[in-house]
Structures are given as C-alpha cells and as structure tokens.
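Asks: What follows is a single structure, and I will ask about it in a moment.
The values are calculated or read from the model by the stated rules, or taken from the named source; none is laboratory data. Fair warning: this is a prediction, and the values are worked out from it, not measured in the lab. Ideal geometry is used to build each Cβ from the backbone, glycine not excepted, and the neighbour counts take in all protein chains shown.
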Amino acid sequence: MAYRALSERVFEVGAIDWNRRSFDELVPLHEGTSYNAYIVKGNDKIALIDTVDPKMTAVLISNLKELGIERIDYLISNHAEQDHSGSIPSILSKYPMAKVVTNQKCKSMLMDLLLIPQEKFIVINDGESLSLGDRTLKFILFPWVHWPETMLTYLEEENILFSCDLFGSHVANSKLFATKDDEITVYEGAYRYFAEIMYPFRDNIRNNFSKVESLNLRYIAPSHGPVYENPSFIIGCYKKWISPNVANKVVIVYNSMHGSTEKMVEFLTSELTKRSITVIPFHLSVTDVGKMAMEVADAATIVVATPQVLGGMHPTVAYAVYFYNLLRPKTKFVSIIGSYGWGGKMVEQIQSMLYNLNAEILSPVVIKGYPKEEDFKALSELAEKIEISHRKIGIL
Ligand code: FEO
C-alpha cells in the first residue's frame, strides 16, 4: 500500500486490511477496514498521529520509508486500543528519538498494554497545543469514544481534525477521500460502525459534541475508513444518531424450531405493518449482530420472540437479549412473545436480562403450541398496544 496525501504537509501512512472479516471476535466486517495513521510535517518537527494494528506494522514502516521520513519527533496517541497503538513499540524502536504525546489516562493504558517505558511520554492536558514550527497540533480530550482515554487532535493551520475512532467506518478503500458522491455508500459503513462501537456511549458523545462543532473544519480524518471531504455530512449524521429520539419502528428478534413462534412473528409483523409501523424482524439463525445493532439504535419498541427450550428461551435469543442489554438502547417499549410445550420461565428470564433498558413492558403473549384464534387475537391486541404507545410519545 502507498502513502496518500491530504495536503502538502499531511499524509496518510497507515494500512488497509482488505480481508479482515471480524473485529473483537464479535463484529462482522463485510468490507474489511483500515488503520489510518497520519504524518504532519512542520518546518521544525514531524509528528505521526496514531499507528496501525500490529500485524500491519510492516506496511506503516514501508510507507514512512517511501515518504522519506527519517525522523519522527512526536508520536501522538489518540487512543490506546491496539488497532491504533499496537505498532508504537516498533516505531519507537525504529525512531528512538520520538516521544509519545498523549493524555495521562492514555499514557497509563499504553504502559499497561504495550509496556512502553515512562520516559518515552510527554503528557498533555485538554486544550493544550504542540508546535511543529509552522504547524500546530491542539489536543481535545473527548473521553468514552469508546474507551475512557480517547482524545482528538486538531491541526490548526489546515483545519484538519484527526478523530481516531470517532466518525470512523470499517471500510477498506484505496480512495482516501469520501466525496459528496460517496456519501450514500459511506453512510452505511459509518452507521454500522457507530451502532456497533459508539452507540452505548452516545450520551458521552452528545455531552462533548460542541468541542467538534466549534471547530472550523476542512477535513475530518478518522482512523478507520475514508477522510471526510465534507465534514458537515458526518457531523450531521452523528447529531441524528446521538439524539435521544426514537423512530416509529419495531425490531423483532426471534427464532423458531417448529414454526409456531415464526407464525406469531409473521402475524404480528403484518398487524404492525397495517398500523403504519415499520417492522424489522431478525431471524437469529441468519442475521448478524451488526444489522441487529443498526436497527435497534432508533427503534421505539423491541419484541423478543422465542420458543421454549428446556424450560427457557432459545439460546440464540438469549444471545440477542444479552447483546441488546449491553448496547443499552433508547427503546421505550419491550414485549415478549413465544410458544411453549409444557410451562417454563421465558418471560421472567428475558425481563431479568434486560436490566439496562429503561423501557415499559407491554403485555407478553406466550402461548401453548401452534397459535390458535385466541392467540392471534392476543397478538392483534399487542399490535394495538404498540400503536397506542407510539402515538402517546408522538412518533405515529
Ligand atoms: Fe479502532 Fe477503539 O479502536
């Protein structure tokens, strides 16, 4: 991979991981990803902003060589997670004069995670600047996107914000800039990334968002995916995504062994659709957690649908319920439907696992065997309750 120029003094020197298909052994990556790292050349000092995943160190080193970087004065670390920090030890070994510039919390994490010695660090505080001569880097602490130590770096003379994970997308593309023409395709990748990684921290992002909005921005250069040539596009997206508003939407996560629960889901989907409510049913044997995260992010209602297995919910449903509880969605209403053969504790189990949600429980519909006339009636009533609830909060 070659280095790519943002301007005469700023270069992307990281790596594209075309074939990576999973992150954190959890999140599927359909389009690979990139680990962007940036060189900023001042007329006095040279800074490298972030590094790459350790398995791609050779690409970073090769790009630095090709760009003719013989000296790095400052290695800025915006985030201690290893996909951006993992090559710091190799860079320090190749450029022994370089100092790692970061905040106190990130320093402590880098010492723990990568065994970088104390004397290698320069610690900065929120709002502090670092001169490279005719270029200046300003550091903006922006905690909890999605770790506690995260910060952003702003290149004042060129109005470029190096935002690390914030505004990122898991997209592998040799094209550096996302232009206006790319925005439709970039939206999907950026939203998927937000829903999977940033969504549980949306309140922290909202509380700090004015720090980004107050900047004069020419480019936003994250550490995954393309550089935004039109920063207002991704800022506008984030303002919508971090808002507390929910949509007139029901997400149904379900599985079914012999068709009873699936029949209930089909019927409820149809009843909700008739009431002008958007419904997204996820059959848990064929969906991926990224899609589930994206759709639940603004859903007003979640319906969990499960057959009973050995006295409890289906294990794939337990996975989805556990995952949704971790994401802490802003969902306002939850219901549970399903079918059993001979008693069980599905409803109690599911309710107890959703303790992070601040949602009203709408009467569950749990039936014996295949749905009958009275069961369909109960499902119609549930659809009506969901409709009334959506009307009550002004989204229908
Ligand atoms: Fe891309 Fe939090 O690392």
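Asks: Against the condition in contact with a Phe, Trp or Tyr (Cβ under 7 Å, 6 or more places away or on another chain) and either within 16 Å of the ligand (Cβ to nearest atom) or closer than 20 Å to Val40 by Cα (or both), how does Ile140 come out, does it pass?
Replies: Working: in contact with a Phe, Trp or Tyr (Cβ under 7 Å, 6 or more places away or on another chain): yes; either within 16 Å of the ligand (Cβ to nearest atom) or closer than 20 Å to Val40 by Cα (or both): yes.
It is true that Ile140 is in contact with a Phe, Trp or Tyr (Cβ under 7 Å, 6 or more places away or on another chain) and either within 16 Å of the ligand (Cβ to nearest atom) or closer than 20 Å to Val40 by Cα (or both).
Asks: Criterion first (surrounded by 22 or more Cβ atoms within 10 Å (Cβ to Cβ) and away from the ligand (no atom under 16 Å from the Cβ)) does Ile242 satisfy it?
Replies: Answer is no for this residue.
Asks: With the requirement that a residue be hydroxyl-bearing (Ser, Thr, Tyr), away from the ligand (no atom under 14 Å from the Cβ), under 24 Å from Tyr3 (Cα atoms) and modelled with pLDDT of 95 or more, what does the stretch 178-234 give you? Steps first, answer last, please.
Replies: Applying the first criterion (hydroxyl-bearing (Ser, Thr, Tyr)) to the stretch 178-234 yields 179, 185, 187, 191, 193, 199, 210, 214, 219, 223, 228, 232.
From the residues that got through so far, the ones that are away from the ligand (no atom under 14 Å from the Cβ) too are 179, 185, 187, 191, 210, 214, 219, 228, 232.
Right, trim to under 24 Å from Tyr3 (Cα atoms) and you get 179, 185, 219, 228.
Within the stretch 178-234, Tyr219, Tyr228 qualify.
Asks: Also: Just checking, does the stretch 10-17 include any residue being exposed (fewer than 15 other Cβ atoms within 10 Å of the Cβ) and either within 19 Å of Ser169 (Cα to Cα) or of a type outside the set (A, V, I, L, M, F, W, C) (or both)? Give the steps one after another, and end with the answer.
Replies: First, pick out the residues of the stretch 10-17 that are exposed (fewer than 15 other Cβ atoms within 10 Å of the Cβ): none.
Looking for residues that are exposed (fewer than 15 other Cβ atoms within 10 Å of the Cβ) and either within 19 Å of Ser169 (Cα to Cα) or of a type outside the set (A, V, I, L, M, F, W, C) (or both), one finds none in the stretch 10-17, hence no.
Asks: Condition first: more than 13 Å from the ligand (Cβ to nearest atom) and surrounded by fewer than 19 Cβ atoms within 10 Å (Cβ to Cβ). Now tell me which residues in the stretch 144-171 satisfy that.
Replies: Within the stretch 144-171, Glu156, Glu157, Glu158, Asn159 meet the criteria.
Asks: Exactly one condition in (1) away from the ligand (no atom under 15 Å from the Cβ); (2) in contact (Cβ under 8 Å) with a residue 60 or more places away in the chain; (3) within 20 Å of the chain's Cα centre (by Cα) is false for Ile46; which is it?
Replies: Only one criterion in (1) away from the ligand (no atom under 15 Å from the Cβ); (2) in contact (Cβ under 8 Å) with a residue 60 or more places away in the chain; (3) within 20 Å of the chain's Cα centre (by Cα) is unmet by Ile46, namely (3).
Asks: Hey, another quick one. For the stretch 125-143, give me each residue that is surrounded by fewer than 16 Cβ atoms within 10 Å (Cβ to Cβ) and either in contact with a helix residue (DSSP H, G or I) (Cβ under 6 Å, 6 or more places away or on another chain) or small (Gly, Ala, Ser) (or both).
Replies: Gly127, Ser129, Ser131, Gly133
Asks: Which residue out of Gly259, Gly236 is touching a residue at least 60 places away in the same chain (Cβ under 8 Å) and surrounded by fewer than 17 Cβ atoms within 10 Å (Cβ to Cβ)?
Replies: Values: Gly236 fails: touching a residue at least 60 places away in the same chain (Cβ under 8 Å).
Every option except Gly259 fails the conditions.
Asks: Tally time: how many residues in the stretch 68-81 are more than 16 Å from the ligand (Cβ to nearest atom), surrounded by 15 or more Cβ atoms within 10 Å (Cβ to Cβ) and more than 15 Å from Pro96 (Cα to Cα)? If you could, list the steps in order and put the result at the bottom.
Replies: So in the stretch 68-81, the residues more than 16 Å from the ligand (Cβ to nearest atom) come out as 68-75.
Subset that is surrounded by 15 or more Cβ atoms within 10 Å (Cβ to Cβ): 69, 72-75.
Now narrow it down to the ones that are more than 15 Å from Pro96 (Cα to Cα): none.
Of the residues in that region, 0 qualify.
Asks: I'm trying to understand the selection: among the residues of the stretch 82-105, which are among the hydroxyl-bearing types (Ser, Thr, Tyr) and within 16 Å of the ligand (Cβ to nearest atom)?
Replies: Those that are among the hydroxyl-bearing types (Ser, Thr, Tyr) and within 16 Å of the ligand (Cβ to nearest atom): Ser85, Ser87, Thr102.
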